[in-house]
Amino acid sequence: MEDSSAKEMESVRPNRPRSSSADSRVPARTGPEKIGRYQLCFELASGGMASVYLARAEGAPGFQKLVALKLIHPHLASEKEYVEMFLDEARIAARITHTNVCSVFDFGEADGEYYIAMEYLVGEPLSRVHRRVVANADQRSSRLLPARMARVIAGACEGLHASHELKDSKGELLHVVHRDVSAENLFVTYDGAVQVVDFGIAHARQRVHHTSAGQVKGTFPYMAPEQMTAAVVDRRVDVWALGAVLWELLTLRRLFLRDTDVNTMYAVLSGEIHPPSNHRKDVSPELDTIVLRALQRNPDERWQTAREMGNALRRFLAKQEDLVGPAELADWMTELFPRGERRKQELMEIARTTDGTD
């Protein structure tokens, strides 16, 4: 979602009519409700399993911290399967400490409510960045677009690699796999950072909840072929998804999405995958090669780790005439969302000063 570390949801309820500028959207104000030590301020998004709020953590006099508080829906709180999945997400994400992964500060239960307290990210989901580029002719035609998109995915590669390399107290890999990498679950902040969010269906060796045999989990247009056939999955399914996301960012087209889920699955399993340069001439052969290797249907022929893919993207970026780093991404975000950061800062100020009684 646009104001937190979870997915952007277009169904967020505004407390005033939407204007023609997406930068001016305001999320729904909540009532005076507290969950443990967290004062809920604004509802930011609501999905099938949980809602996310901008909340204020309260402690000793004078201390407060704004967080994105994810709450499992009340009607699911009594369902063991959903509670296990929710808490597994928290346990996995809380163990990952990396600049390219959204931080989890706290999780647990209070007054019958299960919650995850996450870093409140001041930025936009990559899906919204993508839509803003598509809607702007100057952005679509910018010669910097391939490098900008490569830089974003290079950051995501590092965040996912850190997740994949997570170990237990004995130094053994936990075999974490995100399984739901998409532009909705990658976030670009206004200071130019890239973060991976939402480990809600991640797979790990120490999960409490285990997927039933034959059950498919993920987002169809970004699922690797082996995910769709319910085969054993490993970190390389996330590499495939990164390749699919980068293909779409470069071409400003959808790669596998079709009119039905069945047709989408068929496209993933057997549809032809053209080089991005077929649709955008300023995509270099080197970038074509990086993307197409990530999209090899045989996992053994892909990049074997997200870091390998990220290193290839950084080598590509190092050869470019124009520098594209965090500072340049920050400037680009301001171009795309001229009032976005200011609006979020205003929202945060309201959240800091509300007394929870209005």
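The values are calculated or read from the model by the stated rules, or taken from the named source; none is laboratory data. Bear in mind the structure is a predicted one, so any value in this text is a computation, not a measurement. All Cβ positions, glycine included, derive from the backbone under ideal geometry; neighbour counts span all protein chains shown. Heavy atoms of the whole protein, side chains included, go into the accessibility calculation; ligands, DNA and RNA do not. Shrake-Rupley method; radii C 1.70, N 1.55, O 1.52, S 1.80 Å.
Values as computed for the structure displayed
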quantity	calculated
Residues located in the stretch 120-143, provided they are of a type in the set (Asp, Glu) and crowded, with 16+ Cβ neighbours inside 10 Å	Glu124
Top-ranked residue of the stretch 106-130 - restricted to ones that are assigned to a helix (DSSP H, G or I) and not polar (S, T, N, Q), ranked as farthest from Leu54 (Cα to Cα)	His130
Close pairs from the stretch 166-189: first farther than 23 Å from Ala294 by Cβ and open to solvent by 30 Å² or more (accessible area, probe 1.4 Å), partner in a loop (DSSP other than H, G, I, E, B) and of a type in the set (A, V, I, L, M), Cβ under 9 Å, at least 6 apart	Lys167/Leu174
Residues of the stretch 106-119 satisfying the condition of being within 25 Å of Ala183 (Cβ to Cβ) and surrounded by fewer than 21 Cβ atoms within 10 Å (Cβ to Cβ)	Glu119
Some residue of the stretch 167-185 being within 25 Å of Leu76 (Cβ to Cβ) and of a type in the set (Lys, Arg)	yes
Search result, residues across the stretch 93-105 that are in a helix (DSSP H, G or I), open to solvent by 20 Å² or more (accessible area, probe 1.4 Å) and not basic (Lys, Arg)	Ala94
Residues that are of a type in the set (Ser, Thr, Tyr) and in a helix (DSSP H, G or I), drawn from the stretch 131-176	Ser141, Ser163
Any pair with Cβ under 8 angstrom, 6 or more apart, that starts in the stretch 287-309 at a residue that is within 19 Å of Leu250 (Cα to Cα) and ends at one that is among the acidic types (Asp, Glu) and modelled with pLDDT of 95 or more	Arg293/Glu301; Ala306/Glu158; Ala306/Asp238
Per-region count, the stretch 203-232, residues modelled with pLDDT of 70 or more, assigned to a loop (DSSP other than H, G, I, E, B) and surrounded by fewer than 22 Cβ atoms within 10 Å (Cβ to Cβ)	5
